[in-house]
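Peer 1: The structure under discussion is supplied below as structure tokens; questions concerning it will follow.
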Amino acid sequence: MIPRSLVAVFACALVILASCSSAPEQLPADVQVTVDMKEYQITLNPASIKAGTIKFGIRNGGTMGHGFEIIRTDLAIGKLPIDVGAGKAKEDGLVRQIKSILPGKIATLSVDLQAGTYVIICNVSGHYQLGMRSALRVE
Ligand SMILES: [Cu+2]
């Protein structure tokens with residue numbers, strides 16, 4: 001038997017958790033590259049950074065789930081080959097990815113990147129082609 005008063009305490013705790021999760025999520029202070037995503041745009045700040053372990057903080061400010069992929073390539077950001085059947089960019093040169101970040105949510109990812117040129121994309125079907133791509137230069 002669970003005492004009725006204990007049930008009440010749990011019910012209150014649940015209400016508090018629910019109200020916390022509805023507040024906008026903040027990126028941790030040690031994020032080095034902020035990635036803002038929405039339909040159908042990716043904005044990097046900064047878009048150029050020193051080589052090493054880089055902590056990305058990704059914010060999905062859109063109304064649907066978006067992915068985060070780091071692709072190493074010398075191609076221009078709009079020139080990645082397309083897998084026509086899947087409606088997605090081909091992932092040659094993929095370094096790391098987060099498959100999906102829900103709307104209103106944040107994610108962080110630390111990645112060791114060597115000097116070179118990279119493209120950050122969302123590879124949900126069609127999103128790359130609609131403009132969800134951004135260039136990252138690592139010096
Ligand atoms: Cu997307």
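Peer 1: Can you tell me which residue in region 43-62 is farthest from the ligand (Cβ to nearest atom), limited to those that are assigned to a loop (DSSP other than H, G, I, E, B) and within 14 Å of the chain's Cα centre (by Cα)?
Peer 2: Step by step, filter region 43-62, then rank; the result is 61.
Peer 1: Please go through region 86-124 and pick out each residue that is open to solvent by 70 Å² or more (accessible area, probe 1.4 Å), in a loop (DSSP other than H, G, I, E, B) and within 16 Å of the ligand (Cβ to nearest atom).
Peer 2: Within region 86-124, 91, 102, 105 qualify.
Peer 1: Filter region 63-82 down to residues that are within 16 Å of the ligand (Cβ to nearest atom) and assigned to a strand (DSSP E or B) and give me whichever is most open to solvent (accessible area, probe 1.4 Å). Give the steps one after another, and end with the answer.
Peer 2: Restricting attention to region 63-82, the residues satisfying the condition of being within 16 Å of the ligand (Cβ to nearest atom) are 63-71, 77-78, 80, 82.
Of the ones still in play, those that are also assigned to a strand (DSSP E or B) are 66-71, 82.
Values: 66: 0, 67: 3, 68: 0, 69: 10, 70: 0, 71: 0, 82: 59 Å².
So the residue we want is 82.
Peer 1: Do we find a residue being surrounded by 15 or more Cβ atoms within 10 Å (Cβ to Cβ), at positive phi and not basic (Lys, Arg) anywhere in region 39-54?
Peer 2: no
Peer 1: Right, residue 29: open to solvent by less than 80 Å² (accessible area, probe 1.4 Å), assigned to a loop (DSSP other than H, G, I, E, B) and either away from the ligand (no atom under 16 Å from the Cβ) or at pLDDT below 95 (or both) or not?
Peer 2: No.
Peer 1: A further question on this structure: Give 31, 95, 138 a once-over and let me know the one that is touching a strand residue (DSSP E or B) at 6+ places or on another chain (Cβ under 6 Å) and without any contact (Cβ under 8 Å) to a residue 40 or more places away in the chain.
Peer 2: Numbers: 31 fails: without any contact (Cβ under 8 Å) to a residue 40 or more places away in the chain; 138 fails: without any contact (Cβ under 8 Å) to a residue 40 or more places away in the chain.
Only one candidate qualifies: 95.
The values are calculated or read from the model by the stated rules, or taken from the named source; none is laboratory data. Bear in mind the structure is a predicted one, so any value in this text is a computation, not a measurement. Note that each Cβ is placed from the backbone with ideal geometry, even for glycine, and that neighbours are counted across all protein chains shown. Keep in mind that these areas ignore ligands, DNA and RNA; they rest on the heavy atoms of the full protein, side chains included. Shrake-Rupley method; radii C 1.70, N 1.55, O 1.52, S 1.80 Å.
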